[in-house]
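As structure tokens, the structure follows; a few thoughts come after it.
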Amino acid sequence: MRQIMIGEVDLTDGAGQALTCSYHLLIREIPPPVLGESYGIGISIAQTGEREEVWDITISYRRIEALAGLVVRGGVTPCTLREVVDDWL
């Protein structure tokens, strides 16, 4: 398993405090006989340590790249990541 950082977004919470969300592409090797990779997305907030990961969303790099772009541009937070992935699927 490995992670690749794909972006950071500065946000503010409901109380006006600054938050920095870091976004990671999660990559898991698929063992033989299939051979390939399975992709997911992880989000963490630096200030609070809150983190959410959704593994095995797709085996298509192009599809996870598209979803990752939407997640970063939308400033998705850890608490809403699963809902966003469910809606996307």
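The lone criterion from (1) touching a Gly at 6+ places or on another chain (Cβ under 7 Å); (2) closer than 16 Å to GLU65 by Cβ left unmet by LEU25 is number (1). The residues of the stretch 45-66 that are basic (Lys, Arg) and surrounded by 13 or more Cβ atoms within 10 Å (Cβ to Cβ), listed by number, are ARG51, ARG63. Within the stretch 3-22, can you find the residues that are modelled with pLDDT under 95 and of a type in the set (D, E, K, R)? Within the stretch 3-22, ASP10, ASP13 meet the criteria. Take ILE30 and decide whether it is surrounded by 14 or more Cβ atoms within 10 Å (Cβ to Cβ) and not small (Gly, Ala, Ser). In short, no.
Just to check your reading of the model, which residue among GLY7, GLY42, GLY69, GLY75 is within 10 Å of the chain's Cα centre (by Cα), of a type outside the set (Ser, Thr, Tyr), surrounded by 12 or more Cβ atoms within 10 Å (Cβ to Cβ) and on the phi > 0 side of the Ramachandran plot? Step through it out loud before you land on a result.
On the way: GLY42 fails: on the phi > 0 side of the Ramachandran plot; GLY69 fails: on the phi > 0 side of the Ramachandran plot; GLY75 fails: within 10 Å of the chain's Cα centre (by Cα).
Going through GLY7, GLY42, GLY69, GLY75 in turn, the sole match is GLY7.
The values are calculated or read from the model by the stated rules, or taken from the named source; none is laboratory data. Fair warning: this is a prediction, and the values are worked out from it, not measured in the lab. Note: ideal-geometry Cβ built from the backbone for every residue, glycine included; neighbour counts use all protein chains shown.
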